[in-house]
1. For peptide A:235-244, compute the average count of partner chain beta-carbon atoms within 10 Å of each residue's beta-carbon.
2. Roughly how crowded by other chains is peptide A:166-177, in terms of the mean Cβ count from those chains within 10 Å of each of its Cβ atoms?
3. Before rounding to the nearest 500, sum -39500 (n - 2.57) across all DSSP H runs of length at least 4 in chain B and divide by the residue total; then give [θ] at 222 nm in deg cm²/dmol.
4. Which order do you get for B:Glu212, A:Glu52 if you rank them by accessible area with a 1.4 Å probe, largest at the top?
5. Roughly speaking, what is the centre-to-centre gap between region B:424-474 and region B:53-110 when only Cα atoms are used, to the nearest Å?
6. Under 8 Å for C-alpha pairs, at least 6 residues apart: give me the relative contact order for region A:186-264, rounded to a whole percent.
7. Mind listing the phi-derived Karplus ³J(HN,Hα) values for region B:191-197, rounded to whole Hz, using 6.51, -1.76 and 1.60 with θ = phi - 60°, and x for any glycine or proline?
8. May I ask you to order B:242-248, B:544-550 by the average number of other C-beta atoms within 10 Å around their residues, highest value first?
Amino acid sequence: MIAYIIRRIGGSIVVLIGISIITFSLAYLVPANPARAIVGPHASEALVLQVEKQLGLNQPLPIRYVHYMENLLQGNLGTSYVLDQPVTTLIGQRAGATAQLAVTAWIGELLIGLPIGIISALYDRKAVDHVVSIFALIGISLPVFFVGLELMYWVGFRLGWLPVGGSGGFTFVILPALTYAITGAAYYARLLKSSMIDVMNSDYIRTAKAKGASPNRVILRHALRNAIIPVMTYGGIDIASLFGGVVVIEDVFGYSGIGQLTVQAINNLDVPVIMGTVLFAALFVVLFNLLVDVLYGIVDPRITY
Amino acid sequence: MKVSKMRMLGVVASMTMLGTALAGCGTQSATTSQGGTTASGGSTQPVYGGTLTLDLLSQFPHLDPAKAYDTTSNEAVEQFYNTLVTYQGTTNKIIPDLATYTISNGGKVYTFHIKKAKFWNGDPVTAQSFITEFERVLNNNMQSGGQGFVDPLIQGSAAYVSGMAKTVSGLTAINNSTLQITLMHPSATFLYVLAMPFFSAVDPSYIAAHSESYIDTHPMGTGPFELSSYTPGKDYILTKNPNYFVKGIPYLNKVVFNINNSPSAVLFHFEQGQTGMVSWNQGGIPTEDYLPLSNNPKYSGDIVKKTEVATDYFGLNTTMGPTANVAVRRALEYAVNKQVIVRILDGLAIPANQIIPPSMPSGYEQHLPTNAQYTYDPALAKKLLAKAGYPQGFSTTIYTDNSNPTDLKMAEAVQQMFAQVGVKAQINQSSWNTFLSSNETGKQNMFTLAWLEDFPDPSDFLNTLFNSNQIPVNNSTNYSNSQVDALLNQGALMPAGTARDNVYKQAQNIIMAQAPWIPLVYPVYAAAVQPWVKGFYINPNLMDPLQYMWIAKQ
Amino acid sequence: MSQTMMPPSTELTQTLAHPQGKIQSKFVRILKAYPLVFVGGLMVLTLIFVAVFADKLAPFSPDFQFPNGLASNGAPLAPNHTFIMGTDDLGRDVYSRLLFGARISLEVGVFASLISLFIGTSLGIISGYYGKWIDSIIMRITDIMLAFPFILFVVALVAVLTPSVSNIFIAIGVLGWASTARIVRAQVLAVKEFEYVQAARALGSRQFRILFRIILPNIMAPVIVLTTLAIGNNMLLESTLSFLGIGVQPPTPSWGSMLAEGQQVFEYAPWLLYYPGLALLFSVLGFNLLGDGLRELFNPRRVR
């Protein structure tokens, strides 16, 4: 087990280095000169050159990468070209808001997705199954910005029940979280349904039924518990990617989180921020993957390493 | 300043490159049906107190006046800081702000007598407060967009920039309250430059005590409002400066800027009455929000409009591709129906026939010479194209950016107009920054852009955009004409007046006859103001006049 | 936007390895048990029909800006006799754009999915079949791809490449293969252990024969399901790119770009948002129903 964990950590580090290289190359393919963007059109060519030098843009790519990694290992992600603040500060300012949204959105998904999954597994191939499945599928068949805008307009503006956009207390989180939940719940439903049917057809559940265990007890104690494992795997990756920023939804609702920061940075070609936020998001995915793998071992002792 | 068309929203508003303090100017007076929304027009007495809440589409990129060169930042900087001189009311007229002034020695020496004023921390404003700021703007390490406006104009600035001198010889503190600025040559636009927020009073001891990044987020000024708190991602709260050097203002106790990067939410908030106005720092009401607001009887009377000192244009590369041929460029001028573009923009524009907008105090020509005047005539365009050697037309690319829907609409409209005369254009749309970088290499065949004044003088359009020494960064059509260069260089040294105006008109006539631009429209800027918000007006060069505004509700 | 599949079942492939003929006879029974596959399939066929015959069905050119297509104040026209779904803010016929948009959206969805399918299947087979260090390298790269925030990655790549229909499906396709590779690899690992594969190897069958004649057919079922679902997902992704301002180059009508335009004005011109929204919902739902249905259909535990 310990050896396995160490091996997995080693693998994760390789993955993170790979990500940093890809992000770095992509960011520097960007066909724009940040120096001119910083100083404006009235600046002299000399000032532009000076700024390029300050940003280290006149050095060859590999050297820039080495500098970047040196800084990275000291926890320094560089400074935003546009906002002129350290990237770590910018991410730090938004991490709390994104975490709040991420957890709420994730719980929302589970609250909608899991019951639908259970119901459609229990009423497999019956009308109830078809109806709830279609509802869940409609959710994942719509663009998130469309769902977000409709919720914003009807619930926020016309009904006035919730703030239409912006950031603040928990009330500002509900609509964006609901948008994510609606557009993501079907993945959980789908996964839980097929996993539950697999489990319910398995020998030990049949045995339990044969022994006369009550159906509810079978479903809850045995089937659900075993069927939840693949759902857990997906859930881990899902919330990890949420922590990295809820990209489009934050943009729609004007919610000041990491996702919005990233989208703005991509539009502004603010290279240090793009690299910082992408690395941050990837870090979460890698960490949660690791965590899920370890948890897997604890929940399901049949898995050996 | 190069801007994407009319609207500076969201991501774009946070670009340092983008807007300018001096966005949009107009000679039309604000059109309001309710007198209360103009500065002087209110029949009721201003009321003190209250809080004004506004939506902000992104955080303020900069709060340091030396670094602020975009409309979003300037919205804040103008509330926190004061300059030597400023603009009066809705006009382009320069009036004293922190100092009265005299000009001597043939327009080369400016002497400023500084008023009694204090920074928020109690330190007095002195001549050194300005000298420090000039030196900061000139310092290469500050990466200030203001450097190009005063270097090499101020005597000794070049030596200071290059590090050969420790001080700027043209900046002298005669005593604590007298500042003397000596220029290399007379300049008709220097007072306009001084009204830019770059050259605000800063507290030298505060500057010395704090790091640049701290100063950029923690302003220390003389302005009507102080920054009392900033919650990243949420809001900025501004409170009244009780010791403001202008007696009797501001009226408001508090201004709250909610950070809310969602154009749809901005409109909904306004319609719900949560915010006081949709205006300047958001680049006015976006065209797509203009119709719902102007059609809404609740607000149709509260929309303030003003023609900007700006021109939306279509650039034709004068050194590359078929448009290198002047006959082709002239032919294309006849292919564009500007009335259609005005309609596409929901009427928030005026058809353009020349580079200088009519809202510019000088330089606009009532009557253009016939060879510089073009009317919509697709048949003639086709004939001229054939004559120029393109009877079948040609293929080309129109470059545009994705920062707002208006740019794209114009590009698509022109694309169809060109198609009707046989020119097949492809649209290449990219993010604002990608677009700009490519634009500034001078290698785009055709592009849509707008130019928004830095200050109300024709030189800011003609010299910046058509002088061959500006190729390719600002002069991205690569337009080069020695006669025009000579006129523009001559005008830069002349005192303001008719003779100078005529020099610029002459230059514009030559340029228009050679058609590096198709001027499309002069954008109209519109703001929506709640009926209970009073005192709002649009100065063509400044941001929202929060210090003169008050709330009549409750 | 993740393209998750349930963990592959080894029994699934075992079942599919042998019986071929029985599926036909079960057709009617399957339709009764899984009516949604049928519905989904019809929806997808409708979409394909519209996309193929868009130029025959559309009353107007999708790009033409009608002089009479705008009200005098510049507002788009609501649905009427001439323009049955109204006009957009440049005076173009929404109905014609919608029909042609089916073509673009389907093109992006299908080509992007085919690219990921090709890359993912190739790498998955190589990885699973050869194992050892090749497997380690490919799986490590797969991990890297999966750890990336997918949307951001696509957005960044499209922004760098400059947006166009082909760049969009290339970006989505080239970046979206990782989950396919993983699933294919797992299938290959399972199939490899079958006795007859082992036997074929022992008898010295040539490698490509084993790969293409035996292994490939056996992993088709999950791959088809995955690809069907991916087409729908990629159509949605195209609309997201348009929303972020880096969709297909105008004036090309894609449903994504129409939605992105519509959302700006939907308060006073709701038809600009709702028609493309419904079209997209219809198509993506079709692919999702079909994909989910096929998955159940292919699942050996379900068809008995």
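The values are calculated or read from the model by the stated rules, or taken from the named source; none is laboratory data. Treat the numbers as computed from the prediction; the structure is a model and nothing was measured. Methodologically, a virtual Cβ is constructed for each residue, glycine included, from the backbone with ideal geometry; neighbour enumeration extends over all protein chains shown. Only protein heavy atoms, including side chains, enter the accessible area calculation; ligands, DNA and RNA are left aside. Shrake-Rupley method; radii C 1.70, N 1.55, O 1.52, S 1.80 Å.
1. The mean count of partner-chain Cβ atoms within 10 Å per residue comes to 2.
2. Average neighbour count from other chains, rounded to a whole number: 3.
3. Counting only the DSSP helices, I get -8000 deg cm²/dmol.
4. Correct descending sequence by accessible area is B:Glu212, A:Glu52.
5. 25 Å
6. It rounds to 24 percent for region A:186-264.
7. Karplus-based 3J(HN,Hα) across region B:191-197 equals 5, 4, 4, 5, 7, 6, x Hz.
8. B:544-550, B:242-248
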